[in-house]
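Single-structure report; data block below.
The values are calculated or read from the model by the stated rules, or taken from the named source; none is laboratory data. Here the structure is a predicted model, which is why all the values come from computation and not from measurement. Glycine gets a Cβ as well: all are built from the backbone with ideal geometry, and neighbour counts include every protein chain shown. Heavy atoms of the whole protein, side chains included, go into the accessibility calculation; ligands, DNA and RNA do not. Shrake-Rupley method; radii C 1.70, N 1.55, O 1.52, S 1.80 Å.
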Amino acid sequence: MERLRPSDYEAVLAFLRQLYAVERLEAFPRRAIAGLSRLIESDILTYNEIDLRRQRADYIDEPAGIIDHSQRATFERFADQHPLIAHYARTADRRPRKVSDFLSLTDFKDLALHHEFFRPLGVNYQMAVTVPSPPELVIAIALNGSRHDFSERDRSVLEAIRPHLAQAYRNAAERTRLSERAAICERPSPDSGCGALTNREHEILTLVADGKTNPEIGARLSISGRTVQKHLEHIYEKLRVRTRTAAAVKLATTGR
């Protein structure tokens, strides 16, 4: 990989200071892709959580909203053709990889994945780095470009921040867990129904009661659908219910 210049290291350090300051896990994806947009030039940035068993993909995009729900469904349909997803799932390799490490541009364009998903977005090149995750899940940040491939300098930048992405993610997850525990302990009666919920959980439950789906809630709150589902699992446990409907009914009858 190409050696970085002093100015590159200064930019990486500035990015890491911002990333390590993240207090809540739901803020991590936006902070990560916002910082990366200043380190490496790209047209579209995405934070992706790909469930390999369910063939589901949750994402946060930058610019926000550039990938709509129908395009996400298209991606899910052809995700098994993606060389980077296949590589990361098969090897658990964490190093930054480009599509061009595996396929020529001509071969990439021959895929239905490119024809149906990437071409309408104007994307011909992609480079990604992953965050450690369970075996059935691939969590990756992908940089996408239209005119030229990513450089070895860009790969070196991702390699420099890769271990810090993992540590900052773990830190944010632990801080979120401790914050939610503290919020519950501060309430006088944790068994009093919706009063046991954190502010974020109550916000999500209110949107559930309004009939919003997980992707819609995620888009509203700038978090991934998987993060929404994790919050819902905590809500069900606290309210001693098993379904969205039962949780929404409890909100309507007990309030906060």
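Close amide H partners of ILE44, meaning residues 5 or more places away or on another chain with modelled amide H under 5 Å apart, are ASN144. Note that the range 218-223 has calculated 3J(HN,Hα) couplings of x, 5, 5, 9, 6, 10 Hz, one per residue in order, obtained from phi through the Karplus relation 6.51 cos²θ - 1.76 cosθ + 1.60 (θ = phi - 60°); glycine and proline are x. Along the range 92-101 the Karplus relation, 6.51 cos²θ - 1.76 cosθ + 1.60 evaluated at θ = phi - 60°, assigns HN-Hα couplings of 6, 5, 9, 6, x, 9, 10, 4, 5, 5 Hz to successive residues, with x for each Gly and Pro.
Against the main long axis of the alpha-carbon atoms of the chain, helix 225-239 sits at an angle near 20°.
Could you check the simple spin-label distance between LYS230 and LEU4, using points 7 Å along Cα→Cβ, in nm with one decimal? Each label point lies 7 Å from its Cα, and together they span 2.6 nm. Label zone (ARG175, point 7 Å along Cα-to-C-beta; backbone nitrogen cut-off 16 Å) within the range 26-64: 26-35. Spacing of the modelled spin labels on SER104 and LEU221, each 7 Å from Cα toward Cβ, amounts to 4.8 nm.
Inter-part distance, the range 99-167 to the range 19-57, computed on C-alpha centroids, equals 13 Å.
Protein heavy-atom accessible surface, 1.4 Å probe, per residue over the range 1-83: 55 Å². Each residue of the range 199-216 was assigned a 3J(HN,Hα) from its phi angle through the Karplus curve 6.51 cos²θ - 1.76 cosθ + 1.60 (θ = phi - 60°); the sequence is 4, 5, 5, 5, 4, 5, 5, 4, 5, 4, 5, 7, x, 7, 7, 4, x, 5 Hz, with glycine and proline shown as x.
How much of the accessible area of the chain, probe 1.4 Å, is carbon plus sulfur, in whole percent? Of all accessible area on the chain, carbon and sulfur atoms account for 50 percent.
Residues of the range 88-115 falling in the label zone of ARG77, defined by backbone nitrogen less than 20 Å from a point 7 Å along Cα to beta-carbon, are 108-115. Translational diffusion coefficient of the chain (Stokes-Einstein, Kirkwood radius from Cα pairs, 20 °C, 1.002 mPa s): 109 µm²/s. Legend: Rg and Dmax of the range 1-88, from Cα coordinates, 15.4, 44 Å.
Axis of helix 28-39 versus longest Cα principal axis of the chain: the two differ by about 30°, to the nearest ten degrees.
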